[in-house]
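Undergrad: Structure in structure tokens, see below.
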């Protein structure tokens, strides 16, 4: 049996304020999200709030992930100031936009590089085939940035085919491959896609976000998904994250990390340190 978790690098959180309706229209009721009940996440979420809710756990660092739609560069700049003032976040995943010319996204990437904590991007919206234009992927690779892939299971395998041509780009699969449901057909699609992505050595897996589709933090509901991801990617290419405050719609930080603790209780202390802290530090350089 493993010892207690000694250090956590939470690899996916969102600092935000619903009062910024132009930045976060889905928090202000101006648009809907297809992730079930979101009442628990419609609240200001800043470093002090996060630290209060995670106080029972040894959180060392957090990584902010953009959710600001068309105001991505402004949000990244603001989070850079927040990090300098509070220590959180230690690193920032900013964003790019779907449906715009590659040159526009490359300019957006370069604008965010003014932030010392900026480490990479994810797409705000849906890219055809699940990934940005090849010119954008090459720009990320040339700038030594990370691409966070956020697609549902039906696009995991197509994304893997494209990303196979970008072997020098560090890729992170967000939210454990982001299943929509817990039904057998979705699980089968997801396994196929995750196997294809895991075959690429430059792809990592962020073990997060399962609370969104499953509306629970029950370890036995999570178990087949987490164990399959760990089996395919290996302990060296996976890391946990809370997805707070989004996942707080269905439970507390303590409940979520207790589930992660339970699911890894049979691993060695060294492997748990990789999953809870050092892998995320390596990938996001923080």
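Undergrad: How many residues, within the range 79-94, are more than 17 Å from the chain's Cα centre (by Cα) and either in contact (Cβ under 8 Å) with a residue 40 or more places away in the chain or buried (at least 18 other Cβ atoms within 10 Å of the Cβ) (or both)?
TA: Matching residues across the range 79-94 total 4.
Undergrad: Specify which of the listed residues (274, 282) is without any contact (Cβ under 8 Å) to a residue 40 or more places away in the chain, in a helix (DSSP H, G or I) and within 24 Å of residue 67 (Cα to Cα).
TA: Details: 274 fails: within 24 Å of residue 67 (Cα to Cα).
The match here is 282.
Undergrad: If a residue must be within 17 Å of residue 141 (Cα to Cα), in contact with a helix residue (DSSP H, G or I) (Cβ under 7 Å, 6 or more places away or on another chain) and surrounded by fewer than 20 Cβ atoms within 10 Å (Cβ to Cβ), how many such residues does the range 95-105 contain?
TA: Residues that pass the stated criteria total 1.
Undergrad: Can you tell me which of 251, 209, 193 is on the phi > 0 side of the Ramachandran plot, buried (at least 19 other Cβ atoms within 10 Å of the Cβ) and touching a helix residue (DSSP H, G or I) at 6+ places or on another chain (Cβ under 8 Å)?
TA: Of the residues listed, the single one that is on the phi > 0 side of the Ramachandran plot, buried (at least 19 other Cβ atoms within 10 Å of the Cβ) and touching a helix residue (DSSP H, G or I) at 6+ places or on another chain (Cβ under 8 Å) is 209.
Undergrad: Does at least one position in the range 52-61 carry a residue that is surrounded by fewer than 22 Cβ atoms within 10 Å (Cβ to Cβ), under 18 Å from residue 145 (Cα atoms) and touching a helix residue (DSSP H, G or I) at 6+ places or on another chain (Cβ under 9 Å)?
TA: No, that holds for no residue.
Undergrad: Right, something else. Restricting to the range 124-138, count the residues that are surrounded by 22 or more Cβ atoms within 10 Å (Cβ to Cβ) and modelled with pLDDT of 95 or more.
TA: So the answer is 3.
Undergrad: Hey, another quick one. Given (1) surrounded by 20 or more Cβ atoms within 10 Å (Cβ to Cβ); (2) in contact with a strand residue (DSSP E or B) (Cβ under 6 Å, 6 or more places away or on another chain); (3) at pLDDT below 95, where does residue 23 come up short, assuming only one miss?
TA: (2)
The values are calculated or read from the model by the stated rules, or taken from the named source; none is laboratory data. Note that this is a predicted model, so its numbers are computed, not measured. Glycine also receives a Cβ, built like all others from the backbone with ideal geometry; neighbour counts cover every protein chain displayed.
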